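Below: one structure, written as C-alpha cells.
The values are calculated or read from the model by the stated rules, or taken from the named source; none is laboratory data. Nothing here was measured: the structure is a model prediction, and the numbers come from that model. Neighbour counts run over all protein chains shown; Cβ positions are idealised from the backbone, glycine included.
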Amino acid sequence: MNQFKKTAIVIIGWIFIGLGILGLFLPILQGIFFIMIGLAILSSRSEKVRFFLKHLEERYPITMNGWSIGKRRSEVGSNRVEGRRISPQLEQ
C-alpha cells in the first residue's frame with residue numbers, strides 16, 4: 001500500500017504539470033498555477049525538483065516567499081493524509 005501511495009503521488013504531480021503545460025497554450029487553464037502545484041507535489045518525492053525549487057528561491061526570493069508559505073501548508077495536509085504526526089510549528 002505504501003508503494004501505491006508513492007506512485008500515485010508521482011503520477012498526480014505529473015498530471016498537474018501536464019495540465020500546466022496545456023494551460024500555457026489554452027486560455028481556459030491557469031498554466032503557471034498547475035505547474036506550481038505539480039512541483040509542490042513532486043518536491044516531496046524528487047531530489048531534482050527540490051534542487052530546482054531551491055534554485056528558484058535563491059534567484060527570486062520575493063516571489064518565492066509566498067511559495068514557501070504554501071509549501072508549508074501543503075506539508076501539513078500531506079502529513080495528515082499519510083497519517084504522520086504534525087509538528088506544532090508547521091500547523092501555524
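Here residue 48 does not fit the description of being modelled with pLDDT under 80, in a helix (DSSP H, G or I) and not small (Gly, Ala, Ser).
Across the range 1-47, the number of residues qualifying as in contact with a helix residue (DSSP H, G or I) (Cβ under 9 Å, 6 or more places away or on another chain), of a type in the set (Lys, Arg) and free of Cβ contacts under 8 Å to residues at least 40 places away in the same chain comes to 1.
Within the range 8-26, is even one residue in a loop (DSSP other than H, G, I, E, B), at pLDDT 80 or above and over 15 Å from the mean Cα position of the chain (by Cα)? Yes, the conditions are met somewhere in the range 8-26. A single member of 41, 35, 62 is assigned to a helix (DSSP H, G or I), at pLDDT below 80 and on the phi < 0 side of the Ramachandran plot, and it is 62.
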